[in-house]
1. State the answer as a single residue: which of L105, A57, V216 lies farthest towards the positive end of the charge dipole of the chain, with beta carbon charges of +1 for Lys and Arg and -1 for Asp and Glu, about the Cα centre.
2. Kindly provide the helix-only [θ] at 222 nm of the chain, computed as the sum of -39,500 (n - 2.57) over DSSP H runs of four or more divided by all residues, to the nearest 500 deg cm²/dmol?
3. List every residue whose amide H lies under 5 Å from the amide H of W69, counting only residues 5 or more places away in sequence or on a different chain, with H placed 1.01 Å from N in the peptide plane.
4. Any lysines with Cα under 18 Å of the K212 Cα? List them, leaving off those in the same chain fewer than 8 positions away.
5. Using alpha-carbon pairs under 8 Å, 6+ residues apart, how would you state the relative contact order of the chain in percent?
6. Compute the distance from the alpha-carbon center of the stretch 54-117 to that of the stretch 157-215, in whole Å.
7. Please work out how much length the chain gains when fully extended from E139 to V87, using 0.36 nm per residue of separation minus the C-alpha to C-alpha distance, in nm with one decimal.
8. When the chain is treated as a GNM, springs tying every alpha-carbon pair under 10 Å, which of R116, R127, R205 comes out with the largest mean-square fluctuation?
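We did not get these values from a lab; they are worked out from the coordinates using the rules stated. For clarity, every value in this text was computed on a predicted model and none was experimentally measured. Cβ: placed from backbone, ideal geometry, glycine included. Neighbour counts: every protein chain shown.
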Amino acid sequence: MRGKGVQYDTGTFPSGDSTRKTFDSSAVARDMGVIARDLGCNAVRVTGGDPERLSTAAAHAAAAGLEVWFSPFPCELTNEEMLPYFVDCADRAEALRRAGAEVVLVTGCEISVFARGYLPGDTFNDRMYTLRAAPPVREAALREIPDKVNAFLRDVVEAVRPRFGGRISYASIPIEHIDWTPFDIVGVDAYRSRRNAAHYRAEIRQHLTHGKPVAVTEAGCCAYRGAADMGAAGWLVIGADGSSPTARP
């Protein structure tokens, strides 16, 4: 395994809610030191919706000696809004790379569910209802996802490739069936759950058939009993009484 790292959230905004309301540059610098020194990582995936925060955190990561996976994470935007956003982030990532850092540009994350225009619903929470709908409804909604996502990602890579001289990837989920031809690195958000536990390793190995390096861009689960069975859906904060105050639909 060439790289070992963690994901570092600078603040994403699903359904308009911020995952990180306070962002302090000095605290981020300390965090990056802990990631490099105490956790023994050599890479960090810096995610978030605010390009300025991404640039700040990425610079601190590079100063700590980490390979930076510069990973803009837009939420609730349309394709028309995301394309110039990714171009701006590519310029920021390139500036960091030219300053001497090792940088990989990750052109989004699971846009089929976090962006508008792929699944029914104006917000992330609304779109989650579709993924949990009855099989016929869910299958109908997912049918056009791969073609739509791949068409947009081809446009994104075409737009950022002249501006960024490093390697390019994308953080995908299985429903998107990504065509990895335009990319340098295959990126998969690979959550193990009750559904795929028996064939989880085989699923990961299958990505090697593309003939490109494979990066697990997300993995793991929450720390409460039963979360491992839920995989990517195990995001709830469980209260001492067993309640889930942050439950999403």
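1. V216
2. On the way: 9 runs with 93 residues, N = 249.
Value at 222 nm, helices only: -11000 deg cm²/dmol.
3. Result for W69 returns V44, R45, V46, V104.
4. Here the lysines satisfying the reach criterion relative to K212 are K4.
5. Working: 439 pairs, mean separation 34.6, N = 249.
Answer for the chain is 14 percent.
6. Cα centroid of the stretch 54-117 versus Cα centroid of the stretch 157-215: 16 Å apart.
7. On the way: separation 52, 0.36 × 52 = 18.72 nm, distance 3.27 nm.
Length gained, E139 through V87: 15.5 nm.
8. Residue with maximal mean-square fluctuation among R116, R127, R205: R205.
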